[in-house]
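**Student:** Supplied in structure tokens, the structure appears directly below.
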Amino acid sequence: MNKDSSRWIAALSFALAATGFLLPSWPLSLVGIVLAALSGRWLFAIMLGLLLDIAYGAPVGRWHFLYFPFTLAALVSAGAHYYLIKYLRQTSKDTL
């Protein structure tokens, strides 16, 4: 991925997360965090997740035991990104 597309993805993910926070829509914020983590900007995604966790606070109801759900989503997405790169990227050129 080149530098320009990486900047666009970072800007788009931040815009989605900010829009999701300004319009009270947490799934839109989650999409922004997951997009940042899956594009390889895992540190940006974790910092954005921590920021949104502080802003939203701990969840109530059934999910009260998840104190940092956006950060957890960023970590899981970053782990999925590295898992997919490690095991699904073709490294050998011996195929047809």
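**Student:** What distance in nm lies between label points placed 7 Å from Cα along the C-beta direction at L84 and L43?
**Tutor:** 2.2 nm
**Student:** Roughly speaking, what is the stretch gain from L12 to V60, that is 0.36 nm per residue apart minus the C-alpha to C-alpha distance, in nm to one decimal?
**Tutor:** Between L12 and V60, full extension yields 14.4 nm more.
**Student:** How much length is gained if the chain between W26 and L75 is pulled fully straight, taking 0.36 nm per residue apart and subtracting their Cα-Cα distance, in nm to one decimal?
**Tutor:** 15.9 nm
**Student:** Here's something else I'd like to know. Taking +1 at the Cβ of each Lys and Arg and -1 at the Cβ of each Asp and Glu, which of S6, P69, P24 sits farthest along the dipole of the chain towards its positive end, judged by Cα position relative to the Cα centre?
**Tutor:** S6
**Student:** Something else now. Sort 52-65, 26-39, 8-21 by packing, meaning the average of other beta carbons within 10 Å per residue, with the highest value first.
**Tutor:** Highest to lowest by the protection proxy: 26-39, 8-21, 52-65.
**Student:** Then there is this: For region 30-83 and region 6-25, what is the separation of their Cα centres, given in Å?
**Tutor:** 13 Å
**Student:** Using only the alpha-carbon atoms of region 16-96 as identical scatterers, what base-10 log of I(q)/I(0) does the Debye formula give at q = 0.12 Å⁻¹?
**Tutor:** Log10 I(q)/I(0), no solvent term: -0.39.
None of the figures in this text is laboratory data; all of them are computed from the coordinates on show. Every value quoted in this text rests on a predicted model; they were computed, and no experiment measured them. A quick note on method: Cβ atoms are made from the backbone with ideal geometry, for glycine too, and the neighbour counts reach across all protein chains shown.
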